[in-house]
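K.L.:
A single structure is presented below for examination.
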Amino acid sequence: MVVTFTVTDQDNGAWAVLRVSGELDLVTSPVLRQRVHDVVAEGRHRLVLDLSEVWFCDSSGVGVLIASRRLLRSCQGRLRLILPARGAADGSHVNKVLGALGVRRLFEVHPDVPSAVDEDARPLSA
């Protein structure tokens with residue numbers, strides 16, 4: 001079985017958006033880590049990770065999310081996550097994993113890209 005994992009770039013004004021789809025695990029998380037580093041190396045310090053198409057996330061994936069947050073904070077940047085539109089209501093896998101590990105509160109989570117790139121939008125509650 002071949003697992004597809006993709007990360008696609010989308011420029012959205014002041015924010016860089018990386019759309020992630022597939023499984024975020026030990027094999028694929030280094031790809032996302034590198035893409036985040038590439039964005040920061042380009043001088044982009046506002047990043048949205050759209051995880052709405054991620055159906056599995058293990059501890060290495062969570063590690064990349066936490067490392068990405070740390071990296072962006074170190075350069076006075078911001079990281080926002082997009083979890084599936086139903087988010088906490090349907091208990092998306094990524095949301096459940098972040099909650100179970102007690103790190104969900106570390107992230108600004110939004111329901112979609114327009115909300116995530118809106119400076120005035122309030123994140124979803126943990």
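K.L.:
Checking Glu23 against (1) out of contact with any Lys or Arg (no Cβ under 8 Å at 6 or more places or on another chain); (2) modelled with pLDDT of 95 or more; (3) part of a strand (DSSP E or B): exactly one of these is not met. Which one?
P.N.:
That leaves (2) as the condition not met.
K.L.:
Could you identify the single residue in His45, His37 that is in contact with a Cys (Cβ under 6 Å, 6 or more places away or on another chain) and open to solvent by 30 Å² or more (accessible area, probe 1.4 Å)?
P.N.:
Criteria check complete, one pass: His45.
K.L.:
Residue by residue through the stretch 91-124, note down the ones that are among the charged types (D, E, K, R) and either assigned to a helix (DSSP H, G or I) or open to solvent by less than 20 Å² (accessible area, probe 1.4 Å) (or both).
P.N.:
Those that are among the charged types (D, E, K, R) and either assigned to a helix (DSSP H, G or I) or open to solvent by less than 20 Å² (accessible area, probe 1.4 Å) (or both): Lys96, Arg104, Arg105.
K.L.:
Which one is farthest from Leu24 (Cα to Cα) among residues in the stretch 72-90 that are modelled with pLDDT of 90 or more and outside any loop (DSSP other than H, G, I, E, B)?
P.N.:
Across the stretch 72-90, the extreme among qualifying residues is Ser74.
K.L.:
Among the numbered criteria (1) at pLDDT below 95; (2) open to solvent by less than 10 Å² (accessible area, probe 1.4 Å); (3) not hydrophobic (A, V, I, L, M, F, W, C), which one does Glu53 miss?
P.N.:
With (1) at pLDDT below 95; (2) open to solvent by less than 10 Å² (accessible area, probe 1.4 Å); (3) not hydrophobic (A, V, I, L, M, F, W, C) applied to Glu53, the lone miss is (2).
The values are calculated or read from the model by the stated rules, or taken from the named source; none is laboratory data. Keep in mind it's a predicted model, so treat the numbers as computed, not measured. Cβ sites come from the backbone with ideal geometry, for glycine too, and all protein chains shown count toward neighbours. The protein model used for the area step is the full one, side chains on, heavy atoms only, and it has no ligands, DNA or RNA in it. Shrake-Rupley method; radii C 1.70, N 1.55, O 1.52, S 1.80 Å.
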